Amino acid sequence: IGSALSGGPLQGRRVLVTSGPTHEPIDPVRYIANRSSGAQGTAIAQALAALGADVVFVTGPATVPPPGGVEVIRVETAQEMLAAVEGALPVDAAVFAAAVADWRVTSESDRKMKKTEGGLPLLEFAENPDILATVSRMAEGRPALVVGFAAETHDVVDLATAKRARKGCDWIVANDVSHATGIMGGAENAVTLITKEGADSWPRMGKDQVARQLAERIAQALA
Ligand code: CTP
Ligand code: CA
């Protein structure tokens, strides 16, 4: 289990997976983070490797350890993740499972902020680069298959269908991350795969099983 099948359907294919949260520093001791554990991205990388793919795994500071048998590139911020992704291209397919911070703090302080300095801190933000959209819209060297995720808390299929069009990716794996589902940071996932043919909702299952099904679909698409 977990070792590459020689002669697996993804033998000779290079696949990129992003995973985990990003951390955006506020000062030397503080950062903005999110609840992503990296579990789903890690399971996808492992499932792709098990089908014989050469996997490049670009991960933020996840709580789940990276899988064995893949090339691991560790990053902290969204900007570092974009640079690592660009450096890993070209690939046959790319799966963007990371929960990338939408904003970074532009008022980052190189000294620890002190509460004695008076008043409350005021943070200034800039929007981070959209890694998925950047790769989806590459004029040259675009991966043959680009898969994004859509973490939503309401109107999941409608929002994710619009997101697929806006980003220019081929597939979106949509999921409901509202707190009550327990999906963010949990062991299970309930996803809807959105392609140009439409939306296909999978039953709730383990993140490992979602990963294996997605890896099979990717192998079929690249065949
Ligand atoms: N993504 C990315 N770079 C970003 C933000 C998101 O590559 N700066 C990717 C994620 O890895 C995911 C997809 O885009 O595959 C959708 O992420 P999501 O947060 O759902 O979408 P956003 O476009 O950021 O929109 P919003 O958070 O406002 O819903
Ligand atoms: Ca976002």
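Things worth noting here:
- Exactly one residue among THR195, THR181, THR134 is among the polar types (S, T, N, Q), out of contact with any Gly (no Cβ under 6 Å at 6 or more places or on another chain) and within 13 Å of ligand 1 (Cβ to nearest atom), and that residue is THR134.
- Test: residue in the stretch 195-202 that is surrounded by 13 or more Cβ atoms within 10 Å (Cβ to Cβ) and within 16 Å of ligand 2 (Cβ to nearest atom): no
- Candidates are the residues of the stretch 5-23 that are touching a Leu at 6+ places or on another chain (Cβ under 8 Å) and either at pLDDT below 95 or of a type in the set (Gly, Ala, Ser) (or both); the one that is farthest from VAL146 (Cα to Cα) is LEU5.
- Test: residue in the stretch 168-176 that is in a helix (DSSP H, G or I), surrounded by fewer than 21 Cβ atoms within 10 Å (Cβ to Cβ) and either more than 15 Å from the chain's Cα centre (by Cα) or within 12 Å of ligand 1 (Cβ to nearest atom) (or both): no
- Residue list for the stretch 187-223, restricted to those being outside any helix (DSSP H, G or I), in contact (Cβ under 8 Å) with a residue 24 or more places away in the chain and more than 15 Å from ALA160 (Cα to Cα): ALA187, ASN189, ALA223
- Evaluation of ILE44 against (1) outside any helix (DSSP H, G or I); (2) within 14 Å of the chain's Cα centre (by Cα); (3) over 19 Å from SER136 (Cα atoms) (one fails), failing number: (1)
- In the set GLU152, GLU127, GLU117, only one residue is modelled with pLDDT under 95, within 16 Å of ligand 2 (Cβ to nearest atom) and of a type outside the set (Val, Ile, Thr); that residue is GLU152.
- Failed item, numbered, when LEU120 is tested on (1) more than 25 Å from LYS207 (Cβ to Cβ); (2) within 13 Å of ligand 1 (Cβ to nearest atom): (2)
- Selection from the stretch 82-117 of residues that are away from ligand 1 (no atom under 16 Å from the Cβ) and either aliphatic (A, V, I, L, M) or touching a helix residue (DSSP H, G or I) at 6+ places or on another chain (Cβ under 9 Å) (or both): ASP92, MET113
- Residue within the stretch 104-114 that is within 16 Å of ligand 2 (Cβ to nearest atom) and within 20 Å of PRO143 (Cβ to Cβ) present: no
- Residue list for the stretch 193-208, filter: more than 14 Å from THR181 (Cβ to Cβ) and under 17 Å from the mean Cα position of the chain (by Cα): LEU193, ILE194, ASP208
The values are calculated or read from the model by the stated rules, or taken from the named source; none is laboratory data. Source: prediction; values computed, not measured. Reconstructed Cβ throughout: ideal geometry from the backbone, glycine too, with neighbour counts over all protein chains shown.
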